[in-house]
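Please treat every number below as a calculation from the coordinates, not as lab data. These numbers come from a predicted model, not from an experiment. Reconstructed Cβ throughout: ideal geometry from the backbone, glycine too, with neighbour counts over all protein chains shown.
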Amino acid sequence: MSAIQRAAVSTRDMAVKTASFWKMENLSSAFLKQAQEGQSLRDPALPVEIRPIAHCGMGIAAVELADFSPERLKQIIEPFSRPEYRLFAYEGSGAMLALYQPDLFGWMARTTGKIGLLPMADFHYPDPRAFTGAFEPEIRRLISYGFGRMLYFKHGGIGGAIRAAGQVDWLEVPQAVQGIAFAYAMVNNSDLGNVLRAGQRLQPAPAGRAFTDGLIYALEFWEWMAPGFLAGRAASNPYEAALMRAARDGVDAGLERGALAPFALEPYKPRE
């Protein structure tokens, strides 16, 4: 994971930087499943730049091992996590709730899994309201964020994903919209200028503020993992510059406190 992160820092290729997240997520997921006694993400050798994505990947594997049991999930995540990054691990629960949702997408995913095209675990899908209700408010917001992130992939676009989020009565919709924006930015990493302008175009809509917060956090996530990313990018207009400043502020605040704030927990506050 350290080697992957160093390669991400050394390149200006956004596709390589973004693929690094997915590679490290997969590795940390495998690490949880194969860890021996005494091994965990509390290892001081884990670089600070990697800690957020490592906990995200571990959280996805934790859901598989816990079979969506809230208590079992807590028992897996809490001792394996660094305390200041533990909340990142719960975000994957939301993504898994969306992926395994008993809808057409979920049915197709399970079908392809049965014939070996897409590995899918055999879960006991929970009542989402009861599942999320077993957690504290911060974790519920993160679960909504992860659910929104997966909605973008399921619906193939911003509009359909946002409409779908609004139809889920147990979901915290602003956090889900932030997750949609984050996924949109990651997928369309080669055209960040247009990605950020999408946030500007959505501003009149009720979801506009939350969508912008999600875009800002995507910038923060890239900068935290690959320091220098923001400095190497020139803003093309005042709106983009404002988002980049907000992301820089978020990263600076994280460096000051010693850890990046988890997804969806710190809304953008404009500079005075």
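Brief remarks on what is shown
- Ala231-Arg197 pseudo-label distance in nm [points 7 Å out on the Cα-to-Cβ vector]: 2.9 nm
- Helical segments meeting 20 Å axial Cα length and Kyte-Doolittle 0.5 threshold in the chain (DSSP H): 51-66, 86-99, 173-187
- Residues Lys33 and Arg163, FRET efficiency given R0 of 35 Å [Cβ-Cβ distance, rounded to 0.05]: 0.45
- Number of Lys pairs (Cα under 23 Å; 8 or more positions apart or on different chains) in the chain: 5
- For Cα Rg over 2.2 N^0.38 Å, calculated from these coordinates, the label among [x] 1.05; [y] 0.96; [z] 1.99: [y]
- Projected label distance in nm at Glu71 and Val48, using a 7 Å step from Cα toward the beta-carbon: 3.8 nm
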